[in-house]
Amino acid sequence: MPRRLACLPLQCLIALLAAVLLGGCSSAPRAPIAPEGPPLRFLLSFDDGPSIRAKDNPTEQVLRTLASNPVQPGIRALFFVQTRASKGGGTPQGRELIRRELALGHVLGFHTATPGHSNHLGMASGALRASLQLGLLDHAELGAAPRLVRPPMWAYDDRTLAVYADHGLSALLTDITANDGKLIPPYGSPRRRDHMDYQMDLLRPRVLAGELPLVQGVVPVVVTFHDPNPFTAEHLAEYLEILVSSARRQGLRVSEQPFYGQGDDIEAVALTRTVAGGAPVRRIPGFWHSLLKMKP
């Protein structure tokens, strides 16, 4: 180990490592330029919830911020829920939070129907079918049949896509991720603004090349957070501002209404962005892809 690092206290080394792992990629912001391309509208999605944390419940904080924030009050989002998670949707408190999401006009998507965060790619077809059937029963009991699924850890292939389709589900991935899928301490993301700038810079050529569809006069950009993450919940209003300002720094137009405000619009728009069978498999970008070492 280099002498300078060897002299650092253990706490400093841990903090340094956390900053590297949690911050995502960084890039210098693009100099302000005239906005180009069609206007963007951000479609917010949240994975892995609901949380049943007793103190300062993150899912409840997310719902409050979506309803009231300085950027755009009354935002609606897409929640990919885990209906049988032993510390989430499989509990009475978790089920009540899912019902509240629906009552507030948000959209539910399928994530898991197992006690844990099960990898669908690692499940045999029969086990996956049984899990989907249980989850669809859960959703029906909660009050809404989902049409969208987000594969846990983005682990999917043509086989799992076909099983989803047999159950009336289409897989939705994301254009931008907050890189906040960390549900054990440390939760923070000290380089969150740099991370968004980096991802927006990658998104820019795709938007200008017309790779993303134009729907109702705007380009829907899917953004993914994790509502059980306390840091995300506490900083969601800041994240909303970062998304808008980062897009503008990268020279992209943003719709006068930056986020979706109607659940019906969200589901219809999301269905235009789902994964087609036979398309190249996409994986979680950046650090998490390397950590999971997932193979197609």
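The values are calculated or read from the model by the stated rules, or taken from the named source; none is laboratory data. These numbers were taken from a predicted model, which means no experiment stands behind them. Reconstructed Cβ throughout: ideal geometry from the backbone, glycine too, with neighbour counts over all protein chains shown. We work out accessible area using only protein heavy atoms, side chains counted, and drop any ligands, DNA or RNA first. Shrake-Rupley method; radii C 1.70, N 1.55, O 1.52, S 1.80 Å.
Rank L104, L214, L121 by accessible area, highest first, at a 1.4 Å probe radius?
The most accessible residue leads, giving L214, L104, L121.
Report the label-to-label distance for E238 and A34 in nanometres (one decimal), using points 7 Å from each Cα along the Cα→Cβ vector.
3.5
I'd like the accessible area for E211: 1.4 Å probe, protein heavy atoms, all chains in place, Å² to the nearest 10.
For E211, the solvent-accessible surface is approximately 120 Å².
Under 11 Å from the Cβ of N69, count the other residues' Cβ atoms, weight Lys and Arg +1, Asp and Glu -1, and hand me the total.
Value of the local net charge: -1.
For a label point 7 angstrom out from the Cα of A268 toward its Cβ, which stretches of segment 165-197 have the backbone nitrogen within less than 16 Å?
none
Could you report the accessible area of Y164 in Å², rounded to 10, computed with a 1.4 Å probe on the protein chains as they sit in the structure?
0
How large is the accessible surface of I184 in square angstrom, using a 1.4 angstrom probe and rounding to the nearest 10?
Surface open to solvent at I184 totals about 120 Å².
For segment 63-121 and segment 259-275, compute the distance between their C-alpha centroids and round to whole Å.
Cα centres, segment 63-121 to segment 259-275: 16 Å.
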